[in-house]
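This report refers to the structure that appears directly beneath it.
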Amino acid sequence: MLKVKNYLLLAVIFFVPAFLVAQNDEPSEDQKRKPTEKYITTDLIVFDLDEGDVTEQYFKSETQRKKNNVSQESSNEDEIKEISESLDDYLTMLLIELNYLDTSDRFFPDYKNSLHLDMIVEELHFTYIKPKSKWPPTFIYLEMVADFKLSSYYGKELVKKTVTKEVLLGSGFEDNFEKELSDLLKDLFYEFIFDEEVQSKTESDAYFDLADEGTFTPVQIKSNARGGEMPEWRQSVATVISKDSHGSACVISEDGYLLTNYHVVGQNEKVRVKFMDNTESEATVIRKHPDCDLALIKVDRTGLKFLTPSTTKCNLGDAVYIIGTPADTLLSQSVSKGVLSGQRDFDGAEYLQTDAKVNPGNSGGALLNGKGELIGIVSSKYIGFGIEGIGFAVPISKLEEKLKVISQKDSAPVVPHSIPPAPKKKKK
C-alpha cells in the first residue's frame, strides 16, 4: 500500500475503479472506426510509476506557480500497481465505444486486420495552490505522462509517441475526482489515437506482417525416421528466451534447425535457445510466416537430438503428447498427454485441436503422435470461464508449404560392386 499523506493520492488508489462507471461524452460518428479501418486490441496497459515518478509541488499562489517558486516539494517512492487492471478495462471500454475493438463472433483474431496498442503511464505530477496552511487547496493541477505504441499483430512497431496532458481541479474536486481522472486518461488516449500518423496506419489497407514467400529459397533438412522413447523426444524440444518472454521450439535437424511460432520470436532477429542439458545457444531467425504463425530458427550446433516430421495422417481420438516449457523456464520439457480432438479450418488457416494441456510458454512446442513423430507446432489455446482442454497446433505440413523447408530422408549410399578377377590357373 502507498505511503501517502494527502487525499488526492489516496483517491488514485481507491477511486480509479470508478472509471468503469464514469460518465463520459459519447464519441461522435466522425471519431468512430470506419468499416474499412483496422481493429485495435490492447496488449500492455499499465501504470509504471517508480521512485520519483509521482511528485507533489505546493505553491502559495498561482503567481508563484508561474514563477516556479515552490514552497514545498515531495516525491512518492512506491509503485502504483493496484489500478493497472482498471486502466486496461477503461481503455478497452473506450475502444469499444469507438468501434475499434473487434466484438464480432470470431473464434480467432483477424491478424491481417488488427493492430496492438500499448499504453504505459510513466509519470503523475500533482501541483497544489495552497496559501499558508489552508486546506483544501484552492486549485490542484494533475499532469499525466504516458508512452503509447501502436504495433502490428506480431509486434512490428508502427508508431511510438509520448503524450502529456494536464487537468485543473477546482474547489469541490473530492466530488468529481474520478470523472476528472478518467477524462484526463481519455484525453491522452484520444490525442494518440486520432494523431495523423496513427490514423494513417489504422486506415491503411497494408498487411504489415506480410511475408514475401517469393524470397524463400528451399531449405533441406535431414530427417531420418527416428524411433526412441520419451526421454529422447524431450531432448528434441528446447526453450526459446527473448527479451521479455519465453516459448518453446522443436529441433527438426541434427545440424541446428528449430521450428517455433512467429509470435514467440516476434520482431527479434536473434533469440536464446536453452536445451534440456541446460546449455544455451544464440539462434538466428531465418524466416517466419504470419499465415501459419511459424518461424524457422538456426543455432550453430550439430549432433542434436531431433524430431521427425510425420508423413502419416492422424485420426481423431489418437493419443498425442505435448512437450514444451509452460509458465516458467524452470518447467522446460514438460509433458502432457491427450487425444487429437479435431482438425479445424478457421478463415483458411488449419489447426489441429487437442485436449492435452496447453499453457503460456507452450507456444512453439511439439505435438507428437504415439510414435514420437512431430505432427504439429503448439500455437494457442481457447480461454474462457469454465473452459478447459481446447488447445491448437499448426499442422506440420505447413513446414514445407509456407516456410519452404523440405524434409530430405537419407538413403543408403550406393556402393558399386566390383567384379573380382578370375583366379589364375596353376601350372601342373
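The values are calculated or read from the model by the stated rules, or taken from the named source; none is laboratory data. Note that the structure is predicted; figures quoted are calculated from it, not measured. Glycine gets a Cβ as well: all are built from the backbone with ideal geometry, and neighbour counts include every protein chain shown.
So which residues in region 358-372 are buried (at least 18 other Cβ atoms within 10 Å of the Cβ) and closer than 10 Å to Y321 by Cα?
Residues satisfying the conditions are A366, L367, L368, N369, G372.
I'd like the full set of residues that are modelled with pLDDT under 85, touching a strand residue (DSSP E or B) at 6+ places or on another chain (Cβ under 9 Å) and farther than 15 Å from M144 by Cβ, limited to region 1-49.
If the condition is that a residue be modelled with pLDDT under 85, touching a strand residue (DSSP E or B) at 6+ places or on another chain (Cβ under 9 Å) and farther than 15 Å from M144 by Cβ, then L2, K3, V4, K5, N6, D43 are the ones that fit.
Picking from F208, F275, which residue would you name as being among the aromatic types (F, W, Y) and not assigned by TED's automatic domain parsing to the domain that holds L399?
Only one candidate qualifies: F208.
Scan (1) over 24 Å from the mean Cα position of the chain (by Cα); (2) modelled with pLDDT under 95 for the single condition T164 breaks and write down its number.
(2)
Looking at region 203-228, I want the residues that are closer than 23 Å to T311 by Cα and part of a loop (DSSP other than H, G, I, E, B) and have a partner that is basic (K, R) and at pLDDT 90 or above with Cβ atoms under 9 Å, at least 6 apart or on another chain. Which pairs are those?
F216/R287; F216/K402; F216/K404; T217/K404; P218/K404; R226/K305; G227/K371; G228/K305
Collect the residues in region 282-299 that are in contact (Cβ under 8 Å) with a residue 24 or more places away in the chain and either in contact with a Ser or Thr (Cβ under 7 Å, 6 or more places away or on another chain) or not in a loop (DSSP other than H, G, I, E, B) (or both), keeping them in residue-number order.
Listed by number, the residues that qualify are A283, I286, R287, K288, H289, D293, L294, A295, L296, I297, K298, V299.
Whether any residue in region 293-309 is hydroxyl-bearing (S, T, Y), in contact with a strand residue (DSSP E or B) (Cβ under 8 Å, 6 or more places away or on another chain) and at pLDDT below 95 is what I want to check.
yes
Can you say whether D355 is assigned by TED's automatic domain parsing to the domain that holds V219, of a type in the set (D, E), in contact with a Phe, Trp or Tyr (Cβ under 8 Å, 6 or more places away or on another chain) and within 17 Å of N315 (Cα to Cα), as far as the supplied structure shows?
no
Considering each residue of region 300-356, count those that are hydrophobic (A, V, I, L, M, F, W, C) and part of a strand (DSSP E or B), and give that number.
Residues flagged as hydrophobic (A, V, I, L, M, F, W, C) and part of a strand (DSSP E or B) within region 300-356 amount to 10.
Conditions tested, residue by residue: (1) in the same structural domain as G266 (by TED's automatic domain parsing); (2) in a strand (DSSP E or B); (3) at pLDDT below 75.
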position: D88; (1), (2), (3): no, no, no
position: L94; (1), (2), (3): no, no, no
position: Y100; (1), (2), (3): no, no, no
position: F107; (1), (2), (3): no, no, no
position: H116; (1), (2), (3): no, yes, no
position: V121; (1), (2), (3): no, yes, no
position: T127; (1), (2), (3): no, yes, no
position: P131; (1), (2), (3): no, no, yes
position: V145; (1), (2), (3): no, yes, no
